[in-house]
Amino acid sequence: MNTNIETFKYDNRIVRAFAIVTVIWGIVGMLVGLLAAVQLFFPEANLNFQFITFGRIRPLHTNAVIFAFVGNGMFMGIYYSLQRLCKARMYSDFLSWFNFWGWQAIIVGAAVTLPLGYTTSKEYAELEWPIKVAIAIVWVAFTVNMFGTILKRREKHMYVAIWFYIATALTVAVLHITNSMTMPAGWFKSYSMYAGVQDALVQWWYGHNAVAFFLTTPYLGLMYYFLPKAANRPIFSYRLSIIHFWALVFLYIWAGPHHLLYTALPDWAQSLGMVFSLMLIAPSWGGMLNGLLTLRGAWDKVRQDPVLKFMVAAVTAYGMATLEGPLMAIKTVNSLSHYTDWTIAHAHGGALGWNGFLTFSMLYYLFPRLYKTELWSTKMANYHFWLGLLGMIFYIVPIYVAGITEGLMWKQFNKDGFLQYPNFLETIVQVVPMFRLRAIGGTLYLTGVFMMAYNLYRTAKAGKFEPDTEAQAAALEKGPEIAHGKYSFHRFLEGKPMFFTVLAIVAVLVGGMVEIIPMFLIRENVPIIASVKPYSPLEVLGRDIYIREGCLGCHSQMIRPFRSETERYGDYSKAGEFVYDHPFLWGSERKGPDLAREGGKYPDAWHYNHMDDPRSTSPGSIMPRYSWLLTQPLETDALPSRLGALRRVGVPYPAGYENGPAQKDLQAQALKIVGDLKLGSVNCETNKEIVALIAYLQRLGTDIKSAPVTTAAK
Amino acid sequence: MEEKIICSMNGVSIYGIISILIFVVFFTGMLIWAFTTKASYLNKMGSLPLNGGEKDSNDKLNAE
């Protein structure tokens, strides 16, 4: 027994800093979400101001909530619990604060660039490359600080929460780097290295695992620390937590393709995603039950303690979301749910319930402890709980109804075999009342957050902040531990964080590699559709505007092989159609019709008028006006760098094309569109953004409309 | 179409075999490991968060 007792101090300042910004960014992120929600039934709420229009603030909302609210909440919880579980102060105060200020700078960068339209369009990875580089640097600082702390710990063994933190740090790094492979075309513009099907698979491998390893594993680690602390009893089964960890980390990474069911993604990848998603139910529910059963015999505490109330609801929401997710990954269920609001309901069940409530519980737990006092008002916290729960129900239930209604209406045929609702707008008008109810639910939830902010502020005012907490522990003895008799591999592993790390990363990477490597091979094997050609210069710029405005937030470009879809939109989408799509723009949600075969459906003048005021051509439409596209000049100066970047990622533009011929082609195509617009009594100059956007929209899907499909193996 | 793509890839069948092998080996190993670990050790590990080493009376706010 080591009697060398050391005294040291836990750093509370960094925990407080992360706690404060968690509350602030939470409010900001949810306010932006509310603004987006209101625009879905009242499009004029954007005040005809491009920077706060739905397409641009939707990614701002998702990024703010995921990376600013939950991200800071995660750092808050990890910085508090890791020190106490390791019985050591954080490895480096400098790295802690570098992590803090770096992360806040990234958030501010996102809050400025996303409304300006600087986006890669890839969901939850929208930030442009300079910010992506900054994320990588800050993440490395966090990881080094975490491993440094683990290495200098005074506790021989690593508690299961730390395993979850390690898996988070490593996997997020791998995901972020793999999905961020882009070719810069200027300071705030880049094109994905991958194209079409490949880009889609990499993106949803990332997107799915961002949910897994940013929203789930760190929070599970936090649950394994804070739930026993709040209940003042050990976790129900430590053995179950071991199984939970390894099974979850191993299985999660394989399930990404369930976001691409019935798309042009190869069938084997879809089936793999579906099977692994179903298997995920087991570890997820194991973890949920482990959390809930920890409270056996202590349910009376749950009645009084708001911290435990929030935790129980959060863990239950985790269980519900992780049952629903695998069900939605079943192909038949997915054929109904995909592209509808059901997905939004599912995501918010997880975000509002699991992440939101667990964050609130941690804040209510931490503030009194950081300020050495009691919570200012337990009653108010209880009101917050009930208001939050009510808000969640008001948010989620109407959106489920909306989602299922949309899915059923899209698929409904009449007795003569025609689509019952051939006009997409009919299906949207039907669910607008649900959008209103959802906004009420969101408002209730947000009101609860304001109450919490006030309660925490009063708690802080009433107490006295303790910047450092003094602690004592015996220094760690060197050498292998054989003290308990049988030398266990498990214990050896926990005593060796680096070896553990390697094993964890292998578990994570295996699934990724089995999935991703064949997709890299497929690049040479996707059938070339002879008539599919690269976009013209004007279309490239139009596509960039489409990306900038976030059109893919509401319009998919992927017609699934169902009769209900081919009747409505045309021939189903083929893998070979997207070989020049850097990035892919399949989308994941339909608030408007699919645009994969939009080209040639309407005259140019229709598009012009529709962009100026969607309700002039489509009464009842919830699409915002894009009148600024009619007046803003097209930035043709950017053409050389953009075409050059596209060539570097594999689009076969001839050498030197961007330095002259491209501008001529652009002018010729613009003149033709302006001429067509005149036929529709619209006067427009060639150098306006709308001309480029019309060129792009009129191109969509025409490559295989104009010529018979001929496949030629390379 | 997909079948053609997959079949044309050199040695693609190995991916299926590798997947199932890794899967079976991994889970068998993990379960053996989890169920052969001693209960005394598990209990010790489970109660680890409850002692954070704070000098100040081990968290007054949790005391009933």
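Has region A:460-473 got at least one residue that is farther than 30 Å from A:Pro398 by Cα, surrounded by 14 or more Cβ atoms within 10 Å (Cβ to Cβ), modelled with pLDDT under 95 and among the aliphatic types (A, V, I, L, M)?
The answer is yes, given that some residue of region A:460-473 is farther than 30 Å from A:Pro398 by Cα, surrounded by 14 or more Cβ atoms within 10 Å (Cβ to Cβ), modelled with pLDDT under 95 and among the aliphatic types (A, V, I, L, M).
With respect to A:Ile235, is the statement that it is within 19 Å of A:Gly77 (Cβ to Cβ) and either modelled with pLDDT of 95 or more or buried (at least 22 other Cβ atoms within 10 Å of the Cβ) (or both) true?
yes
So, A:Thr373, is that one out of contact with any Phe, Trp or Tyr (no Cβ under 7 Å at 6 or more places or on another chain), polar (S, T, N, Q) and either crowded, with 17+ Cβ neighbours inside 10 Å or modelled with pLDDT under 95 (or both) or not?
Taking the combined requirement at face value, the residue satisfies it.
Filter region B:37-54 for residues that are assigned to a helix (DSSP H, G or I), within 7 Å of chain A (Cβ to nearest Cβ) and of a type in the set (Gly, Ala, Ser) and give the result.
B:Gly46
So which residues in region A:367-413 are among the hydroxyl-bearing types (Ser, Thr, Tyr) and not in a helix (DSSP H, G or I)?
A:Tyr371, A:Thr373, A:Ser377
Residue pairs, Cβ under 6 Å, 6 or more apart or interchain, first in region A:189-214 and over 9 Å from A:Asn179 (Cα atoms) and in contact (Cβ under 8 Å) with a residue 12 or more places away in the chain, second among the polar types (S, T, N, Q) and crowded, with 24+ Cβ neighbours inside 10 Å. List them.
A:Phe213/A:Thr168; A:Phe213/A:Thr171
Which of (1) under 15 Å from the mean Cα position of the chain (by Cα); (2) within 25 Å of B:Leu48 (Cβ to Cβ) does A:Phe67 not meet, given it meets every other one?
(2)
Only one of these is over 19 Å from the mean Cα position of the chain (by Cα) and among the basic types (Lys, Arg): A:Lys152, A:Lys122, A:Lys132. Name it.
The conditions single out A:Lys152.
Give the residues of region A:620-643 that are surrounded by 13 or more Cβ atoms within 10 Å (Cβ to Cβ), more than 30 Å from the chain's Cα centre (by Cα) and part of a helix (DSSP H, G or I), sorted by residue number.
Selection gives A:Leu630, A:Thr636, A:Leu639, A:Pro640.
Please pick out the residue among A:Gly273, A:Gly291 that is out of contact with any Asp or Glu (no Cβ under 6 Å at 6 or more places or on another chain), crowded, with 24+ Cβ neighbours inside 10 Å and either at pLDDT below 90 or more than 14 Å from every other protein chain (Cβ to nearest Cβ) (or both).
Going through A:Gly273, A:Gly291 in turn, just one is out of contact with any Asp or Glu (no Cβ under 6 Å at 6 or more places or on another chain), crowded, with 24+ Cβ neighbours inside 10 Å and either at pLDDT below 90 or more than 14 Å from every other protein chain (Cβ to nearest Cβ) (or both): A:Gly273.
Which of the following residues is of a type outside the set (Phe, Trp, Tyr) and touching a His at 6+ places or on another chain (Cβ under 9 Å): A:Val674, A:Val651, A:Val691, A:Val682?
A:Val651
Across region A:431-477, what is the number of residues that are in contact with a His (Cβ under 7 Å, 6 or more places away or on another chain) and aliphatic (A, V, I, L, M)?
Count: 2.
Please determine whether any residue of region A:255-273 is among the β-branched types (Val, Ile, Thr) and closer than 28 Å to A:Ala504 by Cβ.
The answer is no, given that none of the residues of region A:255-273 is among the β-branched types (Val, Ile, Thr) and closer than 28 Å to A:Ala504 by Cβ.
Report every pair of residues separated by at least 6 positions or lying on different chains whose Cβ atoms are under 9 Å apart, first residue within region A:227-239 and touching a residue at least 12 places away in the same chain (Cβ under 8 Å) and within 7 Å of another protein chain (Cβ to nearest Cβ), second of a type in the set (Val, Ile, Thr) and not in a loop (DSSP other than H, G, I, E, B).
Pairs that qualify, where the first residue is touching a residue at least 12 places away in the same chain (Cβ under 8 Å) and within 7 Å of another protein chain (Cβ to nearest Cβ) and the partner is of a type in the set (Val, Ile, Thr) and not in a loop (DSSP other than H, G, I, E, B), are A:Ile235/A:Val160; A:Tyr238/A:Val160.
For region A:215-267, enumerate the residues that are closer than 24 Å to A:Tyr80 by Cα and small (Gly, Ala, Ser).
Selection gives A:Gly221, A:Ala230, A:Ala231, A:Ser237, A:Ser241.
Any idea which residue in region B:1-35 is nearest to the chain's Cα centre (by Cα), counting only those that are facing chain A (nearest Cβ under 8 Å), more than 16 Å from A:Phe236 (Cβ to Cβ) and modelled with pLDDT of 80 or more?
For region B:1-35, the residue satisfying everything is B:Met30.
Take the residues of region A:153-181 that are assigned to a loop (DSSP other than H, G, I, E, B) and within 14 Å of chain B (Cβ to nearest Cβ): which is nearest to A:Trp97 (Cα to Cα)?
Among those residues, the one meeting the criterion is A:Arg153.
Can you tell me how many residues within region A:245-270 are farther than 21 Å from A:Leu336 by Cβ, over 18 Å from the mean Cα position of the chain (by Cα) and more than 10 Å from every other protein chain (Cβ to nearest Cβ)?
2
Determine whether region A:644-652 contains at least one residue that is over 30 Å from A:Thr343 (Cβ atoms), surrounded by fewer than 20 Cβ atoms within 10 Å (Cβ to Cβ) and touching a Phe, Trp or Tyr at 6+ places or on another chain (Cβ under 6 Å).
yes
Which of the residues that make up region A:72-95 are touching a Ser or Thr at 6+ places or on another chain (Cβ under 9 Å), in a loop (DSSP other than H, G, I, E, B) and either buried (at least 22 other Cβ atoms within 10 Å of the Cβ) or within 10 Å of chain B (Cβ to nearest Cβ) (or both)?
Passing the criteria: A:Ala88, A:Met90.
To keep it simple, each residue is scored yes or no on (1) loosely packed, with under 13 Cβ neighbours inside 10 Å; (2) of a type in the set (Ser, Thr, Tyr); (3) modelled with pLDDT under 95.
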position: A:Pro654; (1), (2), (3): yes, no, yes
position: A:Ala662; (1), (2), (3): no, no, yes
position: A:Val674; (1), (2), (3): no, no, no
position: A:Cys684; (1), (2), (3): no, no, yes
position: A:Lys688; (1), (2), (3): no, no, no
position: A:Ala692; (1), (2), (3): no, no, no
position: A:Arg699; (1), (2), (3): no, no, no
position: A:Pro708; (1), (2), (3): yes, no, yes
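Got a sec? Which helices (runs of 4 or more DSSP H) wholly within region A:475-580 have at least 1 residues that are at pLDDT 75 or above and surrounded by fewer than 21 Cβ atoms within 10 Å (Cβ to Cβ)?
Where helices (runs of 4 or more DSSP H) fall fully within region A:475-580 and carry at least 1 residues being at pLDDT 75 or above and surrounded by fewer than 21 Cβ atoms within 10 Å (Cβ to Cβ), they are A:497-522, A:537-548, A:563-569.
Could you check region A:303-366 for helices (runs of 4 or more DSSP H) lying wholly inside it with 2 or more residues that are surrounded by fewer than 20 Cβ atoms within 10 Å (Cβ to Cβ) and more than 17 Å from the chain's Cα centre (by Cα)?
A:306-328, A:331-337
Do you know which of the residues in region A:9-55 that are surrounded by 18 or more Cβ atoms within 10 Å (Cβ to Cβ) and in a strand (DSSP E or B) is farthest from the other protein chains (Cβ to nearest Cβ)?
Looking at the filtered set, the residue picked out is A:Asp11.
The values are calculated or read from the model by the stated rules, or taken from the named source; none is laboratory data. Note that the structure is predicted; figures quoted are calculated from it, not measured. For neighbour counting, all protein chains shown are included, and Cβ atoms are generated from backbone atoms with ideal geometry for every residue, glycine included.
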